[in-house]
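K.L.:
This is the structure I want to talk about, given as structure tokens.
The values are calculated or read from the model by the stated rules, or taken from the named source; none is laboratory data. Because the structure is a prediction, the values reported are computed rather than measured. Here the Cβ positions follow ideal geometry from the backbone for every residue, glycine too, while neighbour counts run over all protein chains shown.
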Amino acid sequence: MTNLSYEVFPPNSTVGNEHLCQTLATLKKLQPAFISVTCSSKTANLAQETVRIADKVQNDCHVPAIAHLPALYLSKDDVDSILAKLKVHNVNRVLVLRGDERPNLEKKNDFRHASDLVDYIHINYPEFKITGACYPEIHPESKNMVDEIAHLKLKVDAGCDQLITQLFLDNRNYYRFREICTIAGINVPIIAGIMPIINVRQATRILKTGSVTVPAKFQSILSKYKDKPVALKQAGIIYAIDQIVDLVTNDVAGIHLYTMNQAETTCQIHRNIGALFETKSA
């Protein structure tokens, strides 16, 4: 059987922090394989809240934590400091990504690409397990899929133990991508990242990026229920459930659910698909 895991993000307020604590308490009961913690873009010290929440996940929830590290915005000294803090908290897993372009944040010059940071951690901190990000429909800045796979292989060869995909809404794109990776000699597990689209704001943001194909089936859901928020939420949850069942049936390496810190939505999904997964933490 495959594994189920979740992603949470650092909140921006005291109320958000209390909400996240409640969400983590709920996620703990679902016995995920791990919980990943993204970086905040609101503070100068990107990883401060990530480390704090990863500590809570690892030591209060007793679930393996993965801390996100954005290569563009970290110096070697930053990385050394963050990894030292993670080790103190017994967190030995990181997710390395380049990081989106953010005009409000100063770029550092030590790691221009995610592969550079993967290589640095793999060589200097071999005790850490490294996860990488990947894009079944190619990164928006890639020229084509050949270019995408070449960069991904470089990252995996530098030391990634597994990959987690960006969200996708058409499973055929995941299967095509997985096949291409196999042909290219990328043989690490490729975990499918699934985001339930439960409101118009989410859907609009995805459509604007242009980096995720929206199938006709989902377009129909948006058209029919765009003015019915309760119905759209339920339809979005059911769509995500259908995706997950199909992926697990076709031997996906794992499902990583982008929770958006929403415990209720996550629990609704879990009630329908929980029996498909391992329940012991890895």
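K.L.:
Among helices (runs of 4 or more DSSP H) lying entirely in the stretch 192-282, which contain 3 or more residues that are over 19 Å from the mean Cα position of the chain (by Cα) and modelled with pLDDT of 95 or more?
P.N.:
Qualifying helices (runs of 4 or more DSSP H): 216-225, 229-249, 263-273.
K.L.:
I'd like the full set of residues that are over 19 Å from residue 213 (Cβ atoms) and of a type in the set (A, V, I, L, M), limited to the stretch 153-167.
P.N.:
Result: 154, 156, 158, 163.
K.L.:
Scan the stretch 23-39 for residues that are out of contact with any helix residue (DSSP H, G or I) (no Cβ under 8 Å at 6 or more places or on another chain) and assigned to a strand (DSSP E or B) and jot them down.
P.N.:
Within the stretch 23-39, 36 is the sole residue that qualifies.
K.L.:
Between residues in the stretch 113-126 that are within 15 Å of residue 150 (Cα to Cα) and touching a residue at least 24 places away in the same chain (Cβ under 8 Å) and residues that are of a type in the set (Asp, Glu) and in a helix (DSSP H, G or I), which pairs lie under 9 Å by C-beta distance while being six or more apart or on different chains?
P.N.:
115/157
K.L.:
Name the residue, out of 201, 172, 205, that is under 29 Å from residue 277 (Cα atoms) and charged (D, E, K, R).
P.N.:
172 is the lone residue from the list that is under 29 Å from residue 277 (Cα atoms) and charged (D, E, K, R).
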